[in-house]
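Down below is the structure, laid out as structure tokens.
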Amino acid sequence: MSSNKVLLQPNKFYHIFNRGINSADLFFEPDNYRYFLILYDKYIEPVADTFAWVLMKNHFHLLIKIHSKEDIISSFQHLKRFKNLQNNKEKEIDNLITKRIYQQFSNLFNAYTKAINKRFNRTGALFESNFHRKEIKHIHYLKNLVLYIHYNPVHHGFCNYPEDYIWSSYRSLISFNPTKTKRETVIGWFNDTANFKAQHEENSDFKMIDEWLEVD
């Protein structure tokens with residue numbers, strides 16, 4: 001199954017990837033990165049927890065876990081469709097939740113596109129129409145994906161070390177500053193912060209991970 005046809009379902013981990021249409025840039029100045037993160041919190045936090053992320057000039061990567069059905073319903077009880085669901089069939093509820101998850105991602109991409117089009121006097125689409133997603137089922141792959149995400153700027157020649165790149169979750173995960181990224185869980189995958197840092201200093205096999213993720 002193509003990665004852009006994988007269903008996003010409650011209580012599951014996913015790698016989310018998208019890029020600019022025709023590989024064009026998504027971010028042009030620092031305020032663009034900041035604004036995308038503001039919109040991300042607004043639209044994605046109600047449906048998913050975030051464990052790692054990186055924003056590159058023409059693409060981004062996320063490691064997320066979709067919330068439980070109960071939590072998603074609770075987040076959207078202010079919407080008419082989510083009120084009084086006890087009379088609905090389970091399949092109807094599941095379909096409603098799935099639609100809401102995708103609607104949140106659509107809202108994120110559309111809101112950001114409108115802002116960029118207005119800021120730079122451009123028109124048309126900004127992102128590829130179908131974002132890529134792959135379910136992550138094993139902690140070994142979760143750890144590899146965290147490394148892959150944080151090493152993306154090094155891999156593409158933007159810096160020499162993950163900590164040098166500011167538009168990723170790496171710094172927030174090794175600091176004591178407040179963060180919405182699930183720091184304790186991620187560090188727990190690596191046992192402790194020292195081992196987290198040490199494994200980020202090792203060379204990673206990006207070709208192998210690219211092939212596994214089906215990323216071009």
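No value in this document is a laboratory result; all are computed from the given coordinates. Keep in mind that what you see is a predicted model, and the values were worked out from it rather than measured. Positions of Cβ are generated from backbone atoms using ideal geometry, with glycine treated the same way; all protein chains shown enter the neighbour counts.
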Phi angles of segment 47-56, converted by Karplus (6.51 cos²θ - 1.76 cosθ + 1.60, θ = phi - 60°) into ³J(HN,Hα) in whole Hz with x for Gly and Pro, give 10, 7, 8, 10, 10, 6, 7, 8, 10, 9
Lys180 versus Asn110: modelled label distance in nm, points set 7 Å from Cα along the beta carbon direction: 2.0
With a/c under 1.5 counting as rounded, go ahead and sort segment 118-196 into rounded, prolate or oblate using the C-alpha gyration tensor (a ≥ b ≥ c being the square roots of the eigenvalues; past the cut-off, prolate if a/b is larger than b/c, else oblate). prolate
How large is the charge dipole for segment 87-145, taken about the Cα centre, if only the Cβ atoms of Lys, Arg (+1) and Asp, Glu (-1) carry charge, to the nearest 20 debye? 240
Add +1 for every Lys or Arg and -1 for every Asp or Glu among the other residues with Cβ under 15 Å from the Cβ of Asp41, and state the total. +2
Give me the distance in nm between label points sitting 7 Å out from Cα along the Cα-to-Cβ direction at Arg81 and Lys12, one decimal. 2.0
Find out how many positive minus negative residues lie around Ile73, taking Lys and Arg as positive, Asp and Glu as negative, among other residues whose Cβ is under 14 Å from that of Ile73. +1
Lys and Arg at +1, Asp and Glu at -1: add these up for the other residues within a Cβ distance under 14 Å of Pro153 and post the number. 0
Find how many whole Å separate the alpha carbon centroid of segment 89-105 from the alpha carbon centroid of segment 1-56. 19
Tell me the label only: which of (1) 54, 43, 24; (2) 51, 44, 30; (3) 55, 46, 37 is Cα extents along the principal axes in Å as calculated from this structure? (3)
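In the chain, once you exclude exposed GluC sites (Glu not before Pro) (DSSP loop, at most 10 other Cβ within 10 angstrom), what's the longest stretch remaining?
1-200
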Compare Gln86, Gln104, Gln77 in a GNM of the chain, Cα atoms joined below 10 Å, and give the one with the largest fluctuation. Gln86
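Compute the length gained on full extension between His140 and Ile93: take 0.36 nm times their separation in residues and subtract their Cα-Cα distance, giving the result in nm to one decimal. Before the final figure, lay out the partial values.
Details: separation 47, 0.36 × 47 = 16.92 nm, distance 3.25 nm.
Fully extending the segment from His140 to Ile93 adds 13.7 nm.
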Under 21 Å Cα to Cα from Lys12, which lysines show up? Leave out anything in the same chain fewer than 8 places away. Lys42, Lys65, Lys69, Lys91, Lys99, Lys134, Lys137, Lys143, Lys180, Lys182
If you put +1 on each Lys and Arg Cβ and -1 on each Asp and Glu Cβ, how big is the dipole of the chain around its Cα centre, in Debye rounded to 20? 1020
Listed residues Ser175, His15, Asn144: farthest to the positive end of the dipole of segment 8-213 (Cβ charges): His15
